[in-house]
Amino acid sequence: MVDGRSGTGKTTLGDALAARLGAGVVHLDDVYPGWDGLRAASDAVVSDLLGPPSGYRRWDWERSEPTEWVTIEPDAPLVVEGCGAVSRASAPLATLRVWLEADDEVRRDRAIGRDGEVFAREWERWAAQERAFIAAEAPRALADVVVRT
């Protein structure tokens, strides 16, 4: 599992790990049910991704609604990346937990550079959820590895 706040490089590292390990990868950006869905996606890591039914309902960001069910092979290696991946409930189910961090200004520049004005408008809304999640779950403390990007 690869976790960290927006703009820390989770997707890049998650994709690289999956390629290196020959594993599947789930980006929580596909799981969050909208801009207020960090906690719901974190819960889905445990209830859906890592347990039966081994999959997730993909979120369509343009239409702002759930779409198809994506099935995950339950016995295949899997990298889950995204803010909310590492929680007190998911940590015992993971082989490796990685926390990424970067300075706030660097993170914001990366994230807005990647996602543009849409994310710029939602930055503080999302950041508030990140702060609440981190306060409740302490994912950095649950990590096996902490990387500054």
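Taken together, the values in this text are just the output of simple stated rules run on the coordinates, not laboratory data. This one's a predicted model, so the numbers in the text were calculated from it and none came from an experiment. Here the Cβ is made from the backbone with ideal geometry for all residues, glycine too, and neighbour counts use every protein chain on show.
Is the shape of segment 37-110 rounded, prolate or oblate, going by the alpha carbon gyration tensor and its root eigenvalues a ≥ b ≥ c, with a/c under 1.5 for rounded and a/b larger than b/c for prolate? The shape class here is oblate.
For segment 83-149, trypsin sites (Lys or Arg not before Pro) are listed when DSSP marks them as loop and at most 14 other Cβ atoms sit within 10 Å of their Cβ; the list is R88.
With both residues required to sit in the chain, DSSP beta bridges show an antiparallel share near 30%.
For V26, nonlocal amide neighbours, meaning residues 5 or more places apart or on other chains whose placed amide H falls under 5 Å from its own, are V79, V80, E81.
At each listed q (0.16 Å⁻¹), what is the log10 of I(q)/I(0) that the Debye formula gives for the chain modelled as equal alpha-carbon point scatterers? Taking Cα atoms of the chain as identical point scatterers yields -0.84. A helix-only calculation puts the chain at -11500 deg cm²/dmol for mean residue ellipticity at 222 nm, using -39500 (n - 2.57) for each DSSP H run of at least four residues, averaged over all residues. Using the Cα coordinates of segment 11-65, the gyration tensor eigenvalues translate into equivalent-ellipsoid semi-axes of 21, 15, 9 Å, sorted from longest to shortest.
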